[in-house]
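The values are calculated or read from the model by the stated rules, or taken from the named source; none is laboratory data. Predicted model, so just to flag it, every value in this text is computed and none were measured. Here the Cβ is made from the backbone with ideal geometry for all residues, glycine too, and neighbour counts use every protein chain on show. Side chains are part of the model used for accessible areas, which takes the heavy atoms of the whole protein and leaves out ligands, DNA and RNA. Shrake-Rupley method; radii C 1.70, N 1.55, O 1.52, S 1.80 Å.
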Amino acid sequence: MKGRNAVVTGSTSGIGQAIASALAAAGCNVMLNGFGDPSAIEATRREMAEASGRTIAYAAADMSQPSDVRGLMEQAANALGPVDILVNNAGIQHVAPLADFPEEKWDQVLAVNLSAAFHASKAVVPAMSTRGFGRIVNIASALGLVGAPHKPAYVAAKHGLVGLTRSIALEVAQTGITCNVVCPGMVMTPIIEMQVADQARVTGLDPEAVIQGVFLENQPIRRPVTAQEIAAAVVFLCSDAAGGVTGAVLPVDGGYTAR
Ligand code: NAD
């Protein structure tokens, strides 16, 4: 994978940051993206560049905006060279009963978790196809395979991402491009920490009880999956060795969807 150019959306935190770091360690130049404190992002970028010896760039594109998504792909090509690897990881959550679910949250969750992957893939596939190589990995969720109450937009977006993956995989099957989707179980990152805090407030339970009793109840390994475990699966799917794997839906969910 040495010298491959990768874009990882939503890589200023959590799973995306672990994926970016693992791809850099495997020899890729990486375009980081996402929100956060500029000095913390710059420190992460520099640290990754120093540890890997690769080119690590950053662009603050907003994945809810199609023009920003297209712009990110152009910025990546300018900073690194042609994009070989696209990891559509940026994601947001909103939890509310259907009757109270704000319409703007529905639009926002669909835009970041699903539509951004469409716009980004659309932007990079033609050049990947011309070069005869490409790797697109989408980060969905165990909730791309099964439902959950109070998360209608997230569950719909992640199921949509599984379908988008299969459609793209079939369309580009003879071009050297693969398109796969990883479905993480519960990983302790800010997106989950916020939900743990919310649940703790609502239920009066302490956060550890919420983690064990609510979030890990359906995860048979009874521990969070680590961001590094997700990243290892992504690195495999991006490797030459995974050239025969396309349209695959890979749960890395501690058994969440096994029953
Ligand atoms: P996180 O909140 O730690 O990271 C999300 C990243 O996306 C951050 O870098 C954030 O800045 C970025 N982001 C959010 N909105 C954006 C926007 N509009 N434009 C650009 N960047 C944006 O969350 P995470 O847990 O690392 O989640 C990463 C992916 O994994 C998401 O798609 C999430 O749905 C999925 N996932 C997470 C879990 C889990 O348990 N943590 C489980 C299943 C799936």
Checklist entry - In the set Gln195, Gln219, Gln199, which member is under 20 Å from Val155 (Cα atoms), within 15 Å of the ligand (Cβ to nearest atom), more than 22 Å from the chain's Cα centre (by Cα) and not β-branched (Val, Ile, Thr)? => result Gln199
Checklist entry - Restricting segment 2-28 to residues that are away from the ligand (no atom under 16 Å from the Cβ) and within 20 Å of Ser121 (Cβ to Cβ), which is surrounded by the most Cβ atoms within 10 Å (Cβ to Cβ)? => result Cys28
Next on the checklist: If a residue must be of a type in the set (Val, Ile, Thr) and out of contact with any His (no Cβ under 8 Å at 6 or more places or on another chain), how many such residues does segment 63-100 contain?
Outcome noted: 4
Item to check | Restricting segment 57-71 to residues that are among the small types (Gly, Ala, Ser) and part of a helix (DSSP H, G or I), the residue that is most open to solvent (accessible area, probe 1.4 Å) | outcome: Ser67
Item to check | Qualifying position, being of a type in the set (A, V, I, L, M) and more than 10 Å from the ligand (Cβ to nearest atom), among Ala59, Ala49 | outcome: Ala49
Item to check | Failed item, numbered, when Ala99 is tested on (1) away from the ligand (no atom under 16 Å from the Cβ); (2) within 27 Å of Val155 (Cα to Cα); (3) of a type outside the set (Val, Ile, Thr); (4) part of a loop (DSSP other than H, G, I, E, B) | outcome: (4)
Next on the checklist: Just to be sure before I move on: is Val234 in contact (Cβ under 8 Å) with a residue 40 or more places away in the chain, surrounded by 13 or more Cβ atoms within 10 Å (Cβ to Cβ) and away from the ligand (no atom under 12 Å from the Cβ) in the structure I sent?
Outcome noted: no
Checklist entry - When you look at Ile41, is it surrounded by 22 or more Cβ atoms within 10 Å (Cβ to Cβ) and assigned to a helix (DSSP H, G or I), yes or no? => result no
Next on the checklist: Taking the conditions exactly as written (in a helix (DSSP H, G or I), of a type in the set (A, V, I, L, M, F, W, C), within 15 Å of the ligand (Cβ to nearest atom) and surrounded by 24 or more Cβ atoms within 10 Å (Cβ to Cβ)), does Ala111 satisfy them or not?
Outcome noted: no
Checklist entry - Has segment 163-172 got at least one residue that is farther than 17 Å from Val124 by Cα and within 13 Å of the ligand (Cβ to nearest atom)? => result no
Checklist entry - Could you list, in sequence order, the residues of segment 130-144 that are assigned to a helix (DSSP H, G or I) and either open to solvent by 50 Å² or more (accessible area, probe 1.4 Å) or among the charged types (D, E, K, R) (or both)? => result Thr130, Arg131
Item to check | Exclusive hit being without any contact (Cβ under 8 Å) to a residue 24 or more places away in the chain, farther than 30 Å from Glu103 by Cβ and open to solvent by 20 Å² or more (accessible area, probe 1.4 Å), set Gln212, Gln199, Gln228 | outcome: Gln212
Item to check | In segment 72-96, residue nearest to the ligand (Cβ to nearest atom) [restricted to those that are open to solvent by 60 Å² or more (accessible area, probe 1.4 Å) and outside any loop (DSSP other than H, G, I, E, B)] | outcome: Gln75
Next on the checklist: Condition first: outside any helix (DSSP H, G or I) and of a type in the set (A, V, I, L, M). Now tell me which residues in segment 145-193 satisfy that.
Outcome noted: Leu145, Val146, Ala148, Val172, Ala173, Ile177, Val181, Val182, Met186, Val187, Met188
Next on the checklist: For segment 162-189, give me each residue that is surrounded by fewer than 24 Cβ atoms within 10 Å (Cβ to Cβ) and in contact with a Gly (Cβ under 6 Å, 6 or more places away or on another chain).
Outcome noted: Val162, Arg166, Ala169, Gly176, Thr189
Item to check | Of the criteria (1) under 17 Å from Ala90 (Cβ atoms); (2) free of Cβ contacts under 8 Å to residues at least 60 places away in the same chain; (3) part of a loop (DSSP other than H, G, I, E, B), which one Arg54 fails | outcome: (1)
